[in-house]
Amino acid sequence: MEKQELRNLLLDAFKELRKEEKFIARANFMCCQSCASYDIWESARKNYFKSRKRGYVYWHRQDEDDFWRSGTMFLAYGSFNEEKDEVEDDEVQMKSPLSCKDVGVKILLALAKRGVRVEWNGEDSQRIRVAV
Ligand SMILES: [Zn+2]
């Protein structure tokens, strides 16, 4: 599979995940994992009562660069599910019905359906690896 073809399949899977699963799905998003993660959580929180996003998946700009070099892409993902003991009055606690693992499985299925080769051990702590 060509890199461009794989990238297009990822974009297509992201489109489905946005529509069918209420995920935030972003490609080539922000400079690095900590900026991307911060921004995605903030935007989910800000729009929570309107949009009730359930999870997220993205790759960031460093991943994009690595991908064009190596043909391997790493996807970060997670669930907007917060378990806090104490919540401030003006704080939003997001409660996705999905666990992180559920989110990973949804991503896996969307990719498998498109014939994308996926490596993932099913652990929340590991990013999903796809390769040409
Ligand atoms: Zn950054």
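Since every read-out is calculated from the coordinates, none of them should be taken as a lab result. All values reported here derive from a predicted model rather than from experimental measurement. Cβ: placed from backbone, ideal geometry, glycine included. Neighbour counts: every protein chain shown.
Extending 7 Å from the Cα toward the beta-carbon at both Arg69 and Arg114 defines two label points whose distance is 2.4 nm.
Return, ordered by residue number, the residues of the range 46-76 whose backbone nitrogen is under 20 Å from a label point located 7 Å along Cα→Cβ of Asn121. Counting only backbone N, you get 72-76.
Counting lysine pairs in the chain that sit 8 or more residues apart in sequence, or on different chains, and whose Cα atoms lie under 12 Å apart gives 6. Across the range 11-132, the relative contact order, built from alpha-carbon pairs under 8 Å that are at least six residues apart, equals 24 percent. Here the label points at Glu88 and Gln33, each 7 Å from Cα along the C-beta direction, are separated by 2.8 nm in the simple model. Give me the net charge for the shell around Asn28: Cβ to Cβ below 10 angstrom, other residues only, Lys and Arg +1, Asp and Glu -1. With Lys, Arg at +1 and Asp, Glu at -1, the neighbours total 0. Simple rule: put +1 on each Lys or Arg Cβ and -1 on each Asp or Glu Cβ in the chain, find the dipole, and look at Asn8, Tyr38, Tyr48; the Cα lying farthest toward the positive end is Asn8.
Exposure proxy shown here: for Ile128, Ile107, the number of other Cβ atoms within 10 Å sets the order, fewest to most, as Ile128, Ile107. Dipole size of the chain about its Cα centre, with +1 on Lys/Arg Cβ and -1 on Asp/Glu Cβ: approximately 720 debye, rounded to the nearest 20. In the elastic network of the chain, a GNM with C-alpha springs shorter than 10 Å, the most mobile of Arg69, Arg114, Arg45 is Arg69. Give the distance, in whole Å, between the Cα centre of the range 61-94 and the Cα centre of the range 19-37. Between the Cα centre of the range 61-94 and that of the range 19-37, the gap is 7 Å.
For the chain, the longest piece that avoids every one of the GluC sites (Glu not before Pro) found in DSSP loops with at most 16 other C-beta atoms within 10 Å covers 3-81.
When the alpha carbon coordinates of the chain are projected onto the principal axes, the ranges are 51, 28, 25 Å, largest first. The modelled label-to-label distance between Asp12 and Trp41, using points 7 Å beyond Cα along the C-beta direction, is 3.4 nm.
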